[in-house]
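Novice: Please see the structure below; I have some questions.
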Amino acid sequence: LAVWVPACDDSSSDGDGDADSDVDGDGDGDGDGDGDGDGDPAWTNEIIATDDTGRLSSIDVAPDGTIGVMYYDFNSFNDGICDEVQGEPPPRTRYPIRYSHLPSGATEWQHEVVLNPLHDAAPAGVSFRFAPDGVPTAGVFTGEPIGFLCSANDAVLAERDGSGNWSFETVATTSADTPIPADAPITCNEQDSSNSGHTVGEWPALAFDSM
């Protein structure tokens, strides 16, 4: 897992200590530091974590400058057989959701596991934001086996307190919790089929109504 950030120049009037006026000292006439003359900012990358981790990442910066990144681990693990479901029981496969953060002014990233939700296929993303008061917050999916599903099927709001503990509030457990209105302008003749069942969707998106 890595992050890419645009490089900053050292300009005051020029600021790079040479005799030209291109600011970054690479002689191409712009100030982006990459030497190609196109004026686009140069980017740098920093490795956050290794060992096959870092799929479906979501990043935000807190009001105090802390950088936070939430992501799934590439590596899953099994913790038994999912004999709660109907039909042939599959293995209970879990994909860890991890949180890495770089506190403002720090030089070393800190890492932790948020939770280990069940997934019967590759997971489909998280949505991470810092709340206006700086609390790390995320939209994720989790849930226990039900029906034919041995997979995350509930929408959950996750929050991290000042001691580093995560709490989880279930937002929706069935499709009917967030139904498609009967007068929605869609063309599916079987519209109501989206309003029933145990799943609530994929790819959460988290936002705050004020910042």
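Novice: Note down the net charge around Pro89, summing +1 for each Lys or Arg and -1 for each Asp or Glu among other residues with Cβ under 12 Å from its Cβ.
Specialist: Here the count lands on -3.
Novice: If you filter the range 93-164 for GluC sites (Glu not before Pro), then keep DSSP loop positions with at most 15 other Cβ within 10 Å, what is left?
Specialist: Counting only loop positions with at most 15 other Cβ atoms within 10 Å, the GluC sites (Glu not before Pro) in the range 93-164 are Glu108.
Novice: Which percent of the accessible heavy-atom area of the range 105-174 goes to carbon and sulfur, probe 1.4 angstrom?
Specialist: 48
Novice: Still on this model: Report the extension gain between His111 and Ile59 in nm, rounded to one decimal, defined as 0.36 nm multiplied by the number of residues separating them, less their alpha carbon distance.
Specialist: Length gained, His111 through Ile59: 17.3 nm.
Novice: While we're on this one: Long-range amide H contacts for Ala152: which residues qualify at under 5 Å (H placed 1.01 Å from N, peptide plane, sequence gap of 5 or more or a different chain)?
Specialist: Here Leu118, His119, Asp120 satisfy the definition.
The values are calculated or read from the model by the stated rules, or taken from the named source; none is laboratory data. In this text, all values refer to a predicted model and were calculated from it rather than measured experimentally. No Cβ is skipped: glycine too gets one built from the backbone with ideal geometry, and neighbour counts run over all protein chains shown. Calculation scope for accessible area: heavy atoms of the full protein, side chains included, ligands and nucleic acids excluded. Shrake-Rupley method; radii C 1.70, N 1.55, O 1.52, S 1.80 Å.
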